[in-house]
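First up is the structure itself, then whatever we jot down about it.
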Amino acid sequence: MRLLLVEDDAMIGESISEALTNENYAVDWVRDGKSAELALANGVYDLLLLDLGLPKKLGLQVLKEYRQRNGILPVLIITARDAMADKVGGLDAGADDYLVKPFDLDELFARVRALLRRHTGRAQPIIKYGAITLNPASREVHLGDELLSFSAHEFSLLLTLLDPPERVLSLAELEEKLYSWDHEVASNTVEVLIHRLRKKIGTDFIRNVRGVGYKVSIS
Ligand code: CA
């Protein structure tokens, strides 16, 4: 899952970006409203975390124009403005949720998970597909009764393929979901991860759709 963080405060931006990276998200961090628009235009993100008080263009304006362009990403406003009018204005401008600084990181993580699952059309917090049960909050994966162990990127790849399942994603799309700008990625990295997942879950679980990409399948 790839998130765009828009925050001009260096300390807050760094702490949020680091915390979400530790939670296995690929995070790109920009510091002003114009850069946010440029980043949004490439369309690889699953969620936007948006500060309101920003240089070059205010967060609320970025949000309004993004929704006018029919941008569908879930948007979580993160701001120090705790006035009721700002909350109402942000939500009515198209934000999906609102978090007032300072906040507890665990609350941020929970809100991000909630927004992501609603975005993929999932209401259940636990993902079940075939014999696989994946808990995004605890990051536990079971195959039947057996608890499996994964590296951070193996887990992210599995989550991307399962949420929602049976969607075909190309190697390039998977790479975009797993790695932020900061990462140098070798050309066969995602294929290596797929190979490792297949060894743990079963070769047939991740199908190659010839010429298109990969998907999970139990049929
Ligand atoms: Ca700010």
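What's log10 of I(q)/I(0) for the chain at q = 0.08, 0.11, 0.17, 0.19 Å⁻¹, Debye sum over Cα points only, no solvent?
-0.30, -0.56, -1.20, -1.41
Using helices alone, what [θ] at 222 nm do you get for the chain, with -39,500 (n - 2.57) per DSSP H run of 4 or more residues, divided over all residues and rounded to the nearest 500?
So the calculated ellipticity at 222 nm is -12000 deg cm²/dmol.
What percentage of all Cα-Cα pairs in region 127-216 are separated by more than 18 Å?
Numbers: 1581 of 4005 pairs.
In whole percent, the long-distance tail amounts to 39.
At a 10 angstrom cut-off on C-beta neighbours, averaged per residue, how do the peptides 143-152, 36-45, 3-12 rank from highest to lowest?
My ranking of the peptides, most packed first, is 3-12, 36-45, 143-152.
Among all lysine pairs in the chain that are eight or more places apart or on different chains, how many have alpha carbons less than 27 angstrom apart?
Lysine pairs, 8 or more places apart or on different chains, close enough: 25.
Just to confirm the filter: which GluC sites (Glu not before Pro) across region 160-190 are DSSP coil and have at most 16 other Cβ within 10 angstrom of their Cβ?
Qualifying residues, ordered by number: E166, E184.
So what's the angle, to the nearest 10 degrees on a 0 to 90 scale, between helix 59-68 and the longest Cα principal axis of the chain?
Orientation of helix 59-68: about 60 degrees from the principal axis.
By how many nm would the segment from E65 to R113 lengthen if fully extended, with 0.36 nm per residue of separation less the alpha-carbon distance?
14.8 nm
Largest first and in whole Å, give the semi-axes of region 90-158's equivalent ellipsoid, each being the square root of 5 times a Cα gyration tensor eigenvalue.
Working from the Cα gyration tensor, I get semi-axes of 28, 15, 9 Å.
For a Förster distance of 25 Å, can you work out the FRET efficiency between the beta-carbons of A152 and V209, rounded to the nearest 0.05? Could you put the intermediate results ahead of the total?
Numbers: r = 26 Å, r/R0 = 1.03.
Step by step, r from the Cβ atoms, then E = 0.45.
When the Cα centres of region 1-25 and region 61-95 are compared, how far apart do they sit, in Å?
Computed from Cα coordinates, the inter-centre distance equals 18 Å.
Can you give me the Cα centroid spacing of region 185-219 and region 101-141 in angstrom?
23
I'm checking a number: the convex hull volume of the Cα atoms of region 37-142, normalised per residue, in Å³. What is it?
About 118 Å³ per residue, rounded to a whole number.
If I model a spin label as a point 7 Å beyond the Cα along the Cα-Cβ vector, how far apart are those points for K34 and L99 in nm?
If labels sit at K34 and L99, their model points lie 2.8 nm apart.
Bear in mind that the values in this text are calculations on the coordinates, not laboratory data. Please read these numbers as outputs of a predicted model, since none were measured by experiment. For neighbour counting, all protein chains shown are included, and Cβ atoms are generated from backbone atoms with ideal geometry for every residue, glycine included.
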